[in-house]
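Student: Just passing along the structure, written as structure tokens.
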Amino acid sequence: MELAVESLKCTGCRICEYACNYHHDLDCSANGASLMLHRTEKKNYFGMMVKGERNLMLARPEGPELVAPGAQVEGAGASSKPILMRAPCDRCEGEDEPFCVKACPTGCLFIKE
Amino acid sequence: MDRGNVYMGRILLVDLNKGTCEEEELSQDLIEEHVGGAAINLALYERYQDRDPVVMGTGLLTGTFAPSACAGVLTGKSPVTGRVCHVPLLGQTAVELKYSGFDFIVILGESEKPVRLWLHDELAEVVGAGDVWGKDVWETVEKLRFEHGDDYVQIVCIGPAGEKGSLLAQVSESYWGSRDIFGLGASLGKKKLKAIAMRGLGSLEVAEGFFDECVQLKNEIASGRIRGVQGLVPILESLGADPEGLKAVQARVHRNVASFNCIYPYNSFVMIEEDPKLLKESQKKEPGLLLTDPAGVASLLFLKEGLPAVLRKINRLGLDPAACGRILAKQGVTDAGEAEKSLAAFLVEGFSLDGQGVENVYGAAPWPLSVGLEARLVQAASLFSHSLPPQPALASFEDFSAPDDAAGRARWWLERQAACLILGICPLSALLSPELSLEKMAGLAAKACQWDSLTEDVIRGKARQLVQKTAALAEPKGKLPSAWQDPEFEASVKGLLQGG
């Protein structure tokens with residue numbers, strides 16, 4: 001069971017980050033989320049990054065890609081670095097549905113069996 | 001009431017004459033009396049009225065899980081209308097303000113030299129802005145984000161229009177246009193305040209059960225009226241804007257973008273020098289722009305394919321697109337290149353719609369497409385930005401169970417805007433989704449901070465008070481368009497503002 005991202009459905013509202021953080025830290029903020037919107041604002045290029053147990057999923061508009069943590073990744077600026085220090089996604093263990101999936105308004109986040 | 005669930009608990013007082021920042025506690029009493037957002041802004045405005053304050057504040061629910069809780073508000077005396085006005089801040093701006101550690105900022109007096117404000121992690125500094133004064137909005141945002149080493153810094157700033165004191169000057173929200181049609185860009189220019197940059201890692205507590213209730217309302221909204229629709233063009237289509245102009249804009253739309261926690265993505269990115277179907281990251285530095293302002297786009301539609309390039313220039317100069325569109329149309333300019341050149345003449349101290357012979361409502365009626373009496377009434381009231389449609393969009397007054405008569409509908413619109421700007425709920429989303437009812441907003445507000453007596457009626461009362469108090473603070477200058485001038489209409493506007 002994995003968290004999957006259909007990146008083109010994302011509208012960049014960022015509520016998934018806050019929902020994820022709520023699972024980890026029980027408060028409302030984006031500081032401890034296992035996923036993060038990456039956005040080059042002036043070019044309208046945006047997608048999700050999800051921290052996994054062993055790797056980082058870059059859900060780019062042109063398709064998902066798995067990379068090793070710390071790998072040099074084109075298009076991910078310094079602002080995206082905090083994701084590497086976050087807790088990995090645990091699919092909201094103990095909950096009936098991951099909070100990011102629940103909170104997402106577009107269905108861009110879902111669970112793949 | 002649990003303040004820590006909704007606010008950081010801090011008001012920042014910035015004295016530009018002295019170049020200092022002071023903190024004050026956001027007291028429980030102030031929240032209990034005014035609830036939040038525009039109502040607290042107004043209380044702070046009144047307290048410091050003799051120092052020409054501009055107040056930037058966040059709503060009770062701004063930055064929380066409540067659907068569409070993206071809104072903040074700028075309150076100040078409009079140099080265009082003479083009235084005190086409330087301009088919604090959407091996108092990510094207000095959320096970043098709250099999480100930087102400050103719920104409200106009161107900007108007092110004037111600086112001698114250009115300055116900017118940097119808010120981060122409960123710290124605030126006034127710093128020199130000699131390095132960005134004279135730069136356009138995009139250059140300013142780029143430079144400040146680079147300097148602070150973070151692309152997620154949100155910036156409220158002015159461009160050359162505000163620096164020079166043009167009354168068409170708009171406060172910008174990072175790169176993009178805001179909903180400021182009241183010339184607050186000129187007010188910041190007069191204060192020599194170039195920019196407010198914000199970044200924060202704060203957090204709010206969450207009441208038991210609040211998240212699930214928010215998710216439930218989000219699901220109702222997503223499967224409701226807006227289901228299957230996206231972007232700015234359908235909104236303007238539903239309001240009867242020129243189909244040919246809209247077709248030209250839609251052909252350039254890349255992807256639609258939502259403001260924080262908004263279900264309907266009403267911002268649309270349009271590509272200019274790039275294929276709108278591009279999935280990869282563009283190799284061009286500035287391939288397009290984000291359309292954020294319904295009235296501005298409506299006002300410039302006559303430029304058709306030329307609209308995006310002209311609007312990009314308008315955004316860079318920090319001008320109000322709605323007003324620019326009215327003037328360009330009056331001048332008979334239809335060529336994009338010629339339009340871009342014409343804009344330079346708007347960057348002059350005191351430049352206004354009046355001086356260009358454009359009939360307007362106290363300087364600022366951007367809705368050539370609104371002819372309904374209720375739409376004329378809310379524009380004549382001129383308290384909340386009519387950058388947003390003066391009526392529901394993608395839905396009708398009936399869908400919202402609004403009153404049948406024009407005066408009743410205008411009152412409904414004013415109260416809905418006021419309630420949203422008090423609570424921090426996006427006032428544009430609230431015109432698209434009947435599911436986002438005042439009852440539901442009040443329920444979430446009460447739940448968020450365990451404030452049981454905060455009912456729909458209480459919020460409606462605060463909204464009415466906000467309208468009346470704001471209107472009573474200053475007399476408007478200018479006059480109504482000639483076609484609108486009749487004693488009955490003027491009496492209706494007065495009645496609306498006095499709560500009659």
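Student: Go through region B:252-261 and count every residue that is touching a residue at least 40 places away in the same chain (Cβ under 8 Å) and not charged (D, E, K, R). Before the answer, list the steps.
Tutor: The initial filter retains those residues of region B:252-261 that are touching a residue at least 40 places away in the same chain (Cβ under 8 Å), namely B:252, B:259-261.
Filter again for not charged (D, E, K, R), leaving B:259-261.
Total satisfying the criteria: 3.
Student: Within region B:443-491, can you find the residues that are buried (at least 21 other Cβ atoms within 10 Å of the Cβ) and small (Gly, Ala, Ser)?
Tutor: B:ALA445, B:ALA448, B:ALA463, B:ALA471
Student: Please count how many residues of region B:142-184 are within 14 Å of chain A (Cβ to nearest Cβ), among the hydroxyl-bearing types (Ser, Thr, Tyr) and closer than 18 Å to B:VAL87 by Cα.
Tutor: 3
For (1) more than 30 Å from A:LYS81 (Cα to Cα); (2) not in a helix (DSSP H, G or I), each residue gets a yes or a no:
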site	(1), (2)
B:MET56	yes, yes
B:LEU61	no, yes
B:THR64	no, yes
B:THR75	yes, yes
B:VAL95	no, no
B:VAL126	no, yes
B:VAL132	no, yes
B:GLU163	yes, no
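Student: Turning to a different aspect of this structure: Taking the stated definitions as given, is A:TYR45 under 21 Å from B:LYS218 (Cβ atoms), within 11 Å of chain B (Cβ to nearest Cβ) and hydroxyl-bearing (Ser, Thr, Tyr)? Break it down stepwise before answering.
Tutor: Numbers: under 21 Å from B:LYS218 (Cβ atoms): no; within 11 Å of chain B (Cβ to nearest Cβ): yes; hydroxyl-bearing (Ser, Thr, Tyr): yes.
Taking the combined requirement at face value, the residue does not satisfy it.
Student: Right, something else. Run down B:GLY149, B:GLY162, B:GLY128 and say which single residue is modelled with pLDDT of 95 or more and surrounded by fewer than 24 Cβ atoms within 10 Å (Cβ to Cβ).
Tutor: Working: B:GLY149 fails: modelled with pLDDT of 95 or more; B:GLY162 fails: surrounded by fewer than 24 Cβ atoms within 10 Å (Cβ to Cβ).
Selected residue: B:GLY128, the only one of B:GLY149, B:GLY162, B:GLY128 that is modelled with pLDDT of 95 or more and surrounded by fewer than 24 Cβ atoms within 10 Å (Cβ to Cβ).
Student: Also: Provide a single number: the residues in region A:48-66 that are among the β-branched types (Val, Ile, Thr) and within 14 Å of chain B (Cβ to nearest Cβ). It would help to see each step written out before you state the result.
Tutor: Pass one, region A:48-66, residues among the β-branched types (Val, Ile, Thr): A:50.
Subsequent filtering for residues that are within 14 Å of chain B (Cβ to nearest Cβ) retains none.
Number satisfying all stated conditions: 0.
Student: Can you run down the residue pairs with Cβ atoms below 9 Å, 6 or more apart or on separate chains, where the first is in region B:262-291 and more than 14 Å from B:ARG312 (Cα to Cα) and more than 9 Å from chain A (Cβ to nearest Cβ) and the partner is surrounded by fewer than 22 Cβ atoms within 10 Å (Cβ to Cβ) and β-branched (Val, Ile, Thr)?
Tutor: B:PRO276/B:VAL253
Student: Does B:GLU142 qualify as being part of a helix (DSSP H, G or I), under 22 Å from the mean Cα position of the chain (by Cα), surrounded by fewer than 24 Cβ atoms within 10 Å (Cβ to Cβ) and of a type outside the set (Lys, Arg)?
Tutor: Yes; evaluated as a whole, the condition is true for this residue.
Student: Quick one: which helices (runs of 4 or more DSSP H) sit completely within region B:269-343 and have at least 2 residues that are modelled with pLDDT under 95 and closer than 16 Å to B:LEU168 by Cα? Let's see the steps before the verdict.
Tutor: Details: elements: B:294-300, B:307-317, B:321-331, B:336-342.
Where helices (runs of 4 or more DSSP H) fall fully within region B:269-343 and carry at least 2 residues being modelled with pLDDT under 95 and closer than 16 Å to B:LEU168 by Cα, they are B:294-300, B:321-331.
Student: Here's another thing I want to ask about it. Restricting attention to region B:48-70, and to residues there that are among the charged types (D, E, K, R) and in contact (Cβ under 8 Å) with a residue 12 or more places away in the chain, which single residue is surrounded by the most Cβ atoms within 10 Å (Cβ to Cβ)? First the steps, then the outcome.
Tutor: So the first thing to find is which residues in region B:48-70 are among the charged types (D, E, K, R), and the list is B:50-52.
Applying the additional criterion that residues be in contact (Cβ under 8 Å) with a residue 12 or more places away in the chain yields B:51-52.
Details: B:ARG51: 14, B:ASP52: 16.
Within region B:48-70, the match that is surrounded by the most Cβ atoms within 10 Å (Cβ to Cβ) is B:ASP52.
Residue-wise test of (1) among the charged types (D, E, K, R); (2) closer than 30 Å to B:LEU16 by Cα; (3) crowded, with 17+ Cβ neighbours inside 10 Å; (4) within 12 Å of chain A (Cβ to nearest Cβ).
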residue	(1), (2), (3), (4)
B:MET198	no, yes, yes, no
B:GLU208	yes, no, no, yes
B:PHE211	no, no, yes, yes
B:ILE221	no, no, yes, yes
B:GLY228	no, no, no, yes
B:ILE235	no, no, yes, no
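Student: How many residues does region B:16-50 hold that are among the β-branched types (Val, Ile, Thr) and in a helix (DSSP H, G or I)?
Tutor: Residues flagged as among the β-branched types (Val, Ile, Thr) and in a helix (DSSP H, G or I) within region B:16-50 amount to 2.
Student: For region A:12-27, give me each residue that is touching a strand residue (DSSP E or B) at 6+ places or on another chain (Cβ under 8 Å) and either under 17 Å from B:TYR152 (Cβ atoms) or more than 10 Å from chain B (Cβ to nearest Cβ) (or both).
Tutor: Of all residues in region A:12-27, those touching a strand residue (DSSP E or B) at 6+ places or on another chain (Cβ under 8 Å) come to A:12, A:14, A:16-18, A:20-22, A:27.
Selection gives A:GLY12, A:ARG14, A:CYS16, A:GLU17, A:TYR18, A:CYS20, A:ASN21.
Per-residue answers, yes or no, for (1) within 14 Å of the chain's Cα centre (by Cα); (2) more than 26 Å from B:GLY350 (Cβ to Cβ); (3) of a type outside the set (Asp, Glu):
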residue	(1), (2), (3)
B:LEU60	no, yes, yes
B:THR93	yes, yes, yes
B:PHE104	no, yes, yes
B:GLY109	no, no, yes
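The values are calculated or read from the model by the stated rules, or taken from the named source; none is laboratory data. Not measured: the values here are computed from a predicted model. All Cβ positions, glycine included, derive from the backbone under ideal geometry; neighbour counts span all protein chains shown.
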